[in-house]
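Take a look at the structure below.
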Amino acid sequence: AAAAATGASEKVVSVFVKNIGPDADEATIEGVFKQFGAVKGGAAGVTIRVQKNGGERYAFVEFEDAESATKAMAATGLEIDGGALSVEEKRERVQTRAHNNNNNNNNNNNNRGRTNDHRGGEREGGGGRGRREGGGGGRGG
């Protein structure tokens, strides 16, 4: 929407890079991709991620312009540490309404009727798991 308001067309400037290998860092990845054009500076330029459960490493490379991203996606034979890279258009993560509702339901179920008013602090009465603490523990006393 912002691009339409400024008159700019929505062109791809970020690419998704798979198979980057365990030793590649941001500088190494930028070194491979700057041959296609200017990579944005700072943390926005190259971002490395690791799939959950110790899976593959991948990266996002953001260029200054769409032409550079297009060249990078069309390139063949790119390697880092002997591993062939796979370069694709970065796709935005879309969260569906059903997914959002499921998360909300899970959060509500996890609360089990309790409110989140006491986040980060002690509950009145000392906390505990569903029973009142304190008071000597029973009859007499």
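The values are calculated or read from the model by the stated rules, or taken from the named source; none is laboratory data. Computed from a predicted model, the values in this text were never measured in an experiment. Cβ placement follows ideal geometry from the backbone for every residue including glycine, while neighbour counts extend to all protein chains displayed. Heads up: the accessible areas ignore ligands, DNA and RNA and are worked out on the full protein's heavy atoms, side chains in. Shrake-Rupley method; radii C 1.70, N 1.55, O 1.52, S 1.80 Å.
Net charge around Pro22, counting only other residues with Cβ within less than 13 Å of its Cβ (Lys, Arg = +1; Asp, Glu = -1)? Don't skip to the end; give the middle numbers.
On the way: positive: Arg57; negative: Asp23, Asp25, Glu56, Asp81.
Once all neighbours under 13 Å are counted, the net charge is -3.
Over the heavy atoms of Lys11, what accessible area does a 1.4 Å probe trace out, to the nearest 10 Å²?
140 Å²
Counting Lys +1, Arg +1, Asp -1, Glu -1, what net charge surrounds Thr47 among other residues with beta carbon under 9 Å of its beta carbon? Each step should come with its number before you reach the end.
Working: positive: Arg49; negative: Glu26, Glu62.
With Lys, Arg at +1 and Asp, Glu at -1, the net is -1.
Can I get the semi-axes of region 14-89's equivalent ellipsoid? Compute them from the C-alpha gyration tensor as square roots of 5 times the eigenvalues, in angstrom, largest first.
Details: eigenvalues 70, 36, 24 Å².
Ellipsoid half-lengths, sorted descending, are 19, 13, 11 Å.
Work out the length of the dipole vector of region 14-89 about its Cα centre, built from +1 on the beta-carbon of each Lys and Arg and -1 on the beta-carbon of each Asp and Glu, and round it to the nearest 20 debye. Please report the intermediate quantities before stating the final value.
Numbers: 7 positive and 13 negative charges, 37 e Å.
Once rounded to the nearest 20, the dipole reads 180 debye.
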